[in-house]
Every structure is written in C-alpha cells, then in structure tokens.
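Scroll down for the structure; my scribbles are underneath it.
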Amino acid sequence: MADPRDDDPIDDKPMPLLEHLIELRRRLIWSMAAFMIAFFVCYYFSKQIYVFLAQPLADILLAKGGDRHMIFTALYEAFFTYLKVAMFGALFVSFPVISMQIWMFVAPGLYRSEKRAMLPFLIATPILFFLGGALAYYFVFPFAWRFFLSFEIPEGTGGLPVQLDAKVGEYLDLVMKLIFAFGITFELPVLLTLLAKVGIVTSASLKKFRRYAYVGMFVVAAILAPPDVITQVGLAVPLIGLYEISILTARMVEPKPAEDKADA
C-alpha cells in the first residue's frame with residue numbers, strides 16, 4: 001500500500017551526526033552574533049531605553065509635583081542596571097533572528113504539511129509576546145504604579161512625610177519581570193493549540209476543566225505579579241480571555257473523527 005507521505009516529502013538529505021552538530025554550531029553562532037550586535041547597540045542607547053521603561057512612573061511622579069527622582073546606592077548599581085537594560089533590549093531585538101535560526105535548523109527534517117502547520121505558530125509567538133509586554137507597559141504599569149504611590153504621605157498632613165525614592169536597579173528588575181511574565185503567559189493559545197493539534201488535549205476537555213483553569217490563572221498571576229490586586233487581576237483577566245480563545249483555536253485544529261478513521 002502506498003505511503004500517504006509520498007506526496008509530502010521531506011526537503012532534506014541524509015546527514016551524519018557530525019554534520020548535524022556542525023549545522024547546530026552554525027545556527028548557534030549566528031544567534032549569538034545577532035544577540036551580541038543587538039547588545040552593543042542597545043547598550044549605546046541604554047539610557048534612552050531606561051527612560052522609556054521608567055516613563056510610566058515618571059508621568060505619575062511629575063503629576064504629583066515636587067522634586068522627584070530615582071536613586072542608586074552603590075557605585076556599580078547604575079552600570080549594572082544599564083547592562084541589564086542592554087540585555088533586555090537585545091533579547092527583544094534579536095528574538096526574530098534567533099527564532100529564524102532555530103527554524104532553519106529544524107525545518108529540513110519536517111514534511112511540507114508540517115511546515116505549513118507550524119508557520120502560523122511561528123508568526124503568532126512573537127506577536128503574542130509583544131502584545132503581552134505592551135499590555136503590561138501601557139495598561140498595567142500606570143494603574144499599578146498609581147496604586148503603590150497612593151501610600152505616600154505628603155508634607156503638611158500633620159505626620160512624618162513618606163515619599164518614594166525608587167532605586168534604578170529595583171525598578172528595572174520589577175519592570176523586566178512583569179514584561180516577561182505577561183509576554184510568556186500570552187503564549188498560552190500557542191501552547192494549547194499545539195497540544196490540540198497533536199491530539200493531547202481537545203476543545204471539549206478544555207471546556208470541561210474551564211473552572212479549574214480560571215483558578216489556575218489567578219494562582220499564576222499571584223506567583224508572577226507583585227502582591228497587589230491590580231497587577232494580579234490585570235494578568236489573570238487577559239489569561240482567562242486567552243484561554244477562551246484557545247478553546248476556539250483548538251476546535252479549529254484538533255483532529256476530526258473522520259480523519260482519525262481514515263488514518264486508521
């Protein structure tokens with residue numbers, strides 16, 4: 001009996017293990033070169049990038065008035081902060097090149113149909129990651145920072161004034177943690193759709209465990225986000241929406257019963 005894969009060839013030629021390792025090294029070198037170039041460029045603009053990341057906090061502090069600023073308490077803190085900023089920017093800038101190198105290493109071993117099936121996921125992954133980071137920066141940060149700053153005690157209220165003097169290193173760590181947390185969690189539709197594509201989960205099972213998934217979303221938000229209600233809800237609610245989207249996409253890509261009988 002003819003193999004159905006005959007009309008769906010693999011565009012690859014047999015290679016010994018050593019050549020595969022050489023190819024892997026080539027892709028790693030290209031990925032590292034892209035990251036290093038992006039790192040040096042981002043380090044040159046590290047102050048501007050940090051100003052951009054600090055802008056949500058700066059807008060709120062300027063609206064409050066007074067002489068507001070950020071501080072660093074160790075001689076090396078500002079330098080290492082700019083290194084972190086450069087690495088943070090380099091990961092974003094070089095991510096498309098790195099993902100392309102991974103694809104170029106894996107793609108020759110895939111059938112044409114598998115390549116076509118994987119292409120939407122490759123496109124959706126960076127888009128969803130950037131959407132998650134943008135949601136954190138433009139929506140969650142202003143509300144969360146305003147909430148934290150509401151605990152300040154201004155002068156002239158009859159008590160000892162309490163004012164924020166944020167450290168540049170601590171602020172950057174918090175911002176990077178939240179942006180990466182939102183970006184990674186926004187990959188939920190990609191993960192669940194891939195699992196549905198290979199038959200590990202189904203849209204029916206996702207609906208069945210919907211209530212438990214909602215609870216899990218809030219648990220994940222409590223772990224990844226700072227201990228305030230605004231940030232945690234700001235992460236959990238989009239996750240719930242993405243879970244519902246995942247049910248729809250899983251229904252679209254999951255194997256149909258007729259296809260299963262034909263394969264059998």
Would you be able to say whether some residue in region 153-170 is in a helix (DSSP H, G or I) and surrounded by fewer than 16 Cβ atoms within 10 Å (Cβ to Cβ)? yes
Does region 241-254 contain at least one residue that is buried (at least 18 other Cβ atoms within 10 Å of the Cβ), touching a residue at least 24 places away in the same chain (Cβ under 8 Å), closer than 28 Å to Tyr82 by Cβ and hydrophobic (A, V, I, L, M, F, W, C)? no
Test Ser99 against the criterion of being of a type outside the set (Lys, Arg) and without any contact (Cβ under 8 Å) to a residue 40 or more places away in the chain, and give yes or no. yes
For region 94-101, state whether one or more residues are among the hydroxyl-bearing types (Ser, Thr, Tyr), surrounded by fewer than 16 Cβ atoms within 10 Å (Cβ to Cβ), at negative phi and not in a helix (DSSP H, G or I). no
Within region 59-76, take every residue that is surrounded by 15 or more Cβ atoms within 10 Å (Cβ to Cβ) and not in a loop (DSSP other than H, G, I, E, B) and give me the one that is modelled with the highest pLDDT. Ile60
Residues being of a type outside the set (Gly, Ala, Ser) and either more than 25 Å from Val233 (Cα to Cα) or at pLDDT 90 or above (or both) - total across region 180-211: 7
Among the residues that make up region 173-185, is at least one of them assigned to a loop (DSSP other than H, G, I, E, B) and exposed (fewer than 14 other Cβ atoms within 10 Å of the Cβ)? no
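Restricting attention to region 195-219, which residues are assigned to a helix (DSSP H, G or I) and of a type in the set (Phe, Trp, Tyr)?
Across region 195-219, the qualifying residues are Tyr212, Tyr214, Phe218.
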Return a yes/no flag: does region 133-143 have any residue that is touching a Cys at 6+ places or on another chain (Cβ under 6 Å), in contact (Cβ under 8 Å) with a residue 12 or more places away in the chain and in a helix (DSSP H, G or I). no
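The values are calculated or read from the model by the stated rules, or taken from the named source; none is laboratory data. Since this is a predicted model, take the numbers as computed values, not measurements. Methodologically, a virtual Cβ is constructed for each residue, glycine included, from the backbone with ideal geometry; neighbour enumeration extends over all protein chains shown.
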